[in-house]
Structure formats: structure tokens, C-alpha cells
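Data first, discussion second: the structure below is written as C-alpha cells.
Rule-based calculations on the coordinates, nothing more; no lab input. This is a predicted model, so every value here is computed, not measured. Neighbour counts are summed over all protein chains in view; Cβ atoms, including those assigned to glycine, are modelled from backbone coordinates with ideal geometry.
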Amino acid sequence: MEPQSSAYFEQMSFTIQGSLHKAHLEESLSLLMDRHDIFRTVFMYEELETPLQIVLRKRNPSIVFKDFTGLTKDEIRYKVKQFKQTDRKRGFDLTRDVLLRLAVLKTGQNQHEIIWSHHHILMDGWCVGIVLKEFFYMYTQLCSGKEIDLPAVKPYSEFIDWLEKQDREEAADYWRDYLAGYEQRTAIPTSGHSTNGE
């Protein structure tokens with residue numbers, strides 16, 4: 001609805017100490033995208049009555065690698081901050097972009113800042129931990145020459161099929177009954193700070 005908004009742009013970063021194997025990192029991201037349909041998905045919505053989710057057979061992810069060694073600590077901090085801001089401004093085009101991207105910024109001899117950016121339409125906070133665990137598991141296995149052994153993933157289409165078979169009226173009745181008599185208005189906190197000075 002608001003393509004220029006960054007409200008659904010998710011970005012996190014973390015520091016990794018030690019050497020990184022570029023090819024294994026790229027392969028881990030590729031395997032992750034092959035494993036989960038949602039990472040190969042584009043969303044068509046322009047001039048359509050109903051938005052359309054299209055899962056592509058293959059997406060080729062890329063990882064941006066930048067080396068900031070040789071700069072002062074202040075310059076490195078500035079460069080990392082600038083990179084994050086530029087990445088956020090770039091955003092995502094739901095109709096064509098790979099909606100998950102990774103950047104590896106070398107900030108020291110054996111130190112890297114990993115920046116993981118994705119569109120919120122792909123996953124929420126509950127999923128991120130699972131996905132990161134799988135990603136780093138695959139990377140570790142590749143680095144140590146061991147086999148990657150993960151359980152099969154159920155396609156999201158199975159959930160959609162199940163959801164479409166649910167009785168909406170029955171669900172509405174359930175929640176109406178469950179919330180019957182609940183009169184209090186619930187406020188959703190917007191920050192960790194109180195607005196009334198408490």
C-alpha cells in the first residue's frame with residue numbers, strides 16, 4: 001500500500017569474530033532459499049483485484065562483501081552506519097527483488113559485521129531465530145565438510161490449503177464468545193517509555 005515506506009523493512013546486524021569462508025556463506029544462503037519457498041517469492045499487486053504470491057523455482061541470492069580494514073575505528077563505525085542507512089533506503093520491490101539480502105562488512109583482521117535485511121512480508125520475529133539457526137548450521141556443516149541433515153520443510157501452500165478449508169463463521173463465533181463481556185480497551189505500547197511521565 002505504501003511502497004516508499006520502510007515500516008516493513010527488517011534489518012539486524014551482528015558481529016562475528018574469526019575468519020569467514022565466503023563461498024560457504026554464499027552456499028548456505030542459497031541452500032536456505034532453496035529450502036524455504038517464501039525466500040523465492042515475489043508479490044504482484046499492481047492493477048490486480050487480488051494480490052498474487054508467486055514462488056519461483058530458483059532465486060540467486062547475493063551477498064555484498066566490503067572490506068573496511070585500514071580505516072580508523074571512527075571511520076569504520078561511520079561506514080557501517082552509512083551502509084545500514086543506505087540499505088534501508090533502498091528497501092525492496094516486492095514484484096521483483098530477492099526479499100532477503102546479506103552484507104558482510106569486514107571491520108577488523110578477524111571481525112565481521114553481518115547485516116541481514118528482509119521484508120517483513122516474508123517472516124515475523126518468531127521465524128527469524130529458526131531461519132538464522134538453520135543458516136548458521138548449514139554454514140558450520142559446510143565449513144567442517146559434514147553432511148547437512150535437516151528435517152523436510154512442509155510447504156506453506158499446505159497451510160494455505162488448510163486455512164481456506166476453515167469455517168470462517170465458526171472462527172468468528174469462537175472469538176465473539178471468547179471475548180464476550182470483555183469491555184476494557186487494550187492499548188498497544190509503542191515504546192518502552194510512558195507518555196504520561198510515569
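Among the residues making up the stretch 11-28, those that are among the polar types (S, T, N, Q) and outside any loop (DSSP other than H, G, I, E, B) are Gln11, Ser13, Thr15, Gln17, Ser28. Annotation note: Cβ proximity below 6 Å between a residue of the stretch 119-135 that is on the phi > 0 side of the Ramachandran plot and a residue that is surrounded by 10 or more Cβ atoms within 10 Å (Cβ to Cβ) and in a helix (DSSP H, G or I) (sequence gap 6+ or interchain) occurs for no pair. For the stretch 65-103, taking the residues that are over 13 Å from His119 (Cα atoms) and of a type in the set (Val, Ile, Thr), the one that is farthest from the chain's Cα centre (by Cα) is identified as Thr72. Taken over the stretch 4-43, the criterion of being more than 28 Å from Ser157 (Cβ to Cβ), in contact with a helix residue (DSSP H, G or I) (Cβ under 9 Å, 6 or more places away or on another chain) and without any contact (Cβ under 8 Å) to a residue 40 or more places away in the chain is satisfied by Ala23 alone.
The set of residues in the stretch 90-130 being surrounded by 15 or more Cβ atoms within 10 Å (Cβ to Cβ) and among the small types (Gly, Ala, Ser) consists of Gly91, Ala103, Ser117.
To keep it simple, each residue is scored yes or no on (1) assigned to a helix (DSSP H, G or I); (2) under 20 Å from Ile121 (Cα atoms); (3) touching a His at 6+ places or on another chain (Cβ under 6 Å).
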{"residue": "Ser30", "(1), (2), (3)": "yes, yes, no"}
{"residue": "Phe39", "(1), (2), (3)": "yes, yes, no"}
{"residue": "Lys58", "(1), (2), (3)": "no, yes, no"}
{"residue": "Arg77", "(1), (2), (3)": "yes, no, no"}
{"residue": "Val80", "(1), (2), (3)": "yes, no, no"}
{"residue": "Arg96", "(1), (2), (3)": "no, yes, no"}
{"residue": "Leu105", "(1), (2), (3)": "no, no, no"}
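Pick from the stretch 137-177 the residues that are charged (D, E, K, R) and in a loop (DSSP other than H, G, I, E, B): which of them is farthest from Phe39 (Cα to Cα)? Taking the candidates together, the pick is Asp167.
Each residue in the stretch 14-27 was checked for being surrounded by 15 or more Cβ atoms within 10 Å (Cβ to Cβ) and either under 17 Å from the mean Cα position of the chain (by Cα) or basic (Lys, Arg) (or both), and 2 pass.
Does any residue of the stretch 61-71 turn out to be in contact with a helix residue (DSSP H, G or I) (Cβ under 6 Å, 6 or more places away or on another chain), free of Cβ contacts under 8 Å to residues at least 60 places away in the same chain and under 16 Å from Ser30 (Cα atoms)? Looking for residues that are in contact with a helix residue (DSSP H, G or I) (Cβ under 6 Å, 6 or more places away or on another chain), free of Cβ contacts under 8 Å to residues at least 60 places away in the same chain and under 16 Å from Ser30 (Cα atoms), one finds at least one in the stretch 61-71, hence yes.
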